[in-house]
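The values are calculated or read from the model by the stated rules, or taken from the named source; none is laboratory data. Note that the structure is predicted; figures quoted are calculated from it, not measured. Neighbour counts are summed over all protein chains in view; Cβ atoms, including those assigned to glycine, are modelled from backbone coordinates with ideal geometry. What goes into the accessible areas is simple: the full protein's heavy atoms, side chains included, and nothing from ligands, DNA or RNA. Shrake-Rupley method; radii C 1.70, N 1.55, O 1.52, S 1.80 Å.
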Amino acid sequence: MKKLLRRTNDYLSLVKFSHTVFAMPFALVGYFLGATCPGYGFSIRTFILVIVCMVLARSAAMGFNRYADVRFDSLNPRTSGREIPSGKITRQNALVLVIVSSLLFIATTALINRLTLILSPVALFVVLGYSYTKRFTPLSHLVLGLGLSLAPAGAFIAVTGTLVFLPVIYSFIVLTWVSAFDIIYSLQDDQFDRDTGLYSIPSVMSRDKALAVSTALHAMTVILVVVAGFMGEAGLIYWAGALIF
């Protein structure tokens, strides 16, 4: 039993499962935007399926990132203790996790509606493809943001089977916010990226310029939050939440 618990914890750590709580609100925003549209309402079945899709897509993306980056993770002192470089999980088993999560994700979208099923390979292409972008472009931060930004629009589609402009605004909020944060996060590895030929905004710019780009993206996030509030005719609760955010 202890061995099983340890293995389970290793896999949960591999995909940073505990961090799902930070990504989940993106999907829930899209879900409740759809559920409050005229002609729609709260469905516990769809709600659960959206959460399952979010967890599976994120698990596939994180697992593939660890699978694709194992050589760089092994060389980087900050990441050498991760599950694959340290030998806790084999690279092959990580790939199995990615494949199973991806197939289950597609199967779950099929239970929602036709459009979510049709778009599911596109979503997987974006969230899995991010792992290779640092090899050829410093704009990888934006690709990461794009991957997470699919959640609000995707959840809205799950409820309504269509897409309108407001959830797209929320997707852009996620894109700019996550990209800005990821630029700050990547400051930890700017010298390592230069030494190993990887690309990031901090590795191709000075730190001050990279932080200026991050600040500009955060400013865009603020503007988009305000725009979304006016477009959605938001009330006091929204504006209070927006101020805290």
Candidates A212, A151, A23; GNM for the chain (alpha-carbon contacts under 10 Å) flags as most fluctuating A212
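Please give the peptides 237-244, 223-230 ranked by average Cβ packing (other Cβ atoms within 10 Å per residue), highest first, as a rough proxy for protection.
On the way: 237-244: 10.6, 223-230: 15.9.
Those peptides, ordered most packed to least, come out 223-230, 237-244.
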Expressed in angstrom and rounded, the centroid-to-centroid distance over alpha carbons for the stretch 18-43 and the stretch 212-227 is 22 Å
Expressed in angstrom and rounded, the centroid-to-centroid distance over alpha carbons for the stretch 174-188 and the stretch 46-73 is 18 Å
Length gained, I118-A234, 0.36 nm per residue minus C-alpha separation, equals 38.6 nm
Out of A27, M54, S80 - ranked by how far each Cα lies towards the positive end of the dipole of the stretch 1-124, with unit charges on the beta-carbon of charged residues - the top one is S80
For T20 the rounded accessible area (nearest 10 Å², probe 1.4 Å, non-protein molecules ignored) is 10 Å²
Restricting to lysines and to Cα separations under 27 Å from K88, and discarding same-chain partners fewer than 8 apart, the set is K2, K3, K16, K134
Share of accessible surface on carbon and sulfur in the chain, whole %, 1.4 Å probe and ligands ignored, is 72 percent
In the neighbourhood of I84 defined by beta carbon distances under 11 Å, the net charge of the other residues (Lys, Arg +1; Asp, Glu -1) is +1
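Classify the stretch 71-181 as rounded, prolate or oblate, taking a ≥ b ≥ c as the square roots of the eigenvalues of its Cα gyration tensor: rounded when a/c is under 1.5, otherwise prolate if a/b is larger than b/c and oblate if not. Don't skip to the end; give the middle numbers.
Numbers: a/c = 2.96, a/b = 1.48, b/c = 2.00.
It comes out oblate by the Cα gyration axes.
Kirkwood Rh, Cα Rg: Rg to Rh for the stretch 1-150? Don't skip to the answer; put the middle values down first.
Values: Rg = 16.7 Å, Rh = 16.5 Å.
The Rg/Rh ratio comes out at 1.01.
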Checking rank on 108-117, 175-184, with mean other Cβ inside 10 Å and highest first, the result is 175-184, 108-117
Taking max minus min of the Cα coordinates of the stretch 96-151 on each principal axis, largest first, gives extents in Å of 37, 25, 13
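Give me the accessible area per residue for the chain, probe 1.4 Å, as a whole number in Å². Let's see the in-between values first.
Details: 12930 Å² over 245 residues.
Accessible area per residue, the chain: 53 Å².
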Once F165, F32 are ranked on solvent-accessible area with the largest value leading and a 1.4 Å probe, the list reads F165, F32
Phi-derived 3J(HN,Hα) across the stretch 50-56 with the Karplus relation (6.51, -1.76, 1.60, θ = phi - 60°), rounded Hz, x for Gly and Pro, is 5, 4, 4, 4, 4, 5, 5
With +1 on the Cβ of every Lys and Arg and -1 on the Cβ of every Asp and Glu, the dipole magnitude of the stretch 82-227 about its Cα centre, in debye rounded to the nearest 20, is 240 debye
Once both label points are put 7 Å beyond Cα along the C-beta direction, the F17-V227 separation in nm becomes 3.8 nm
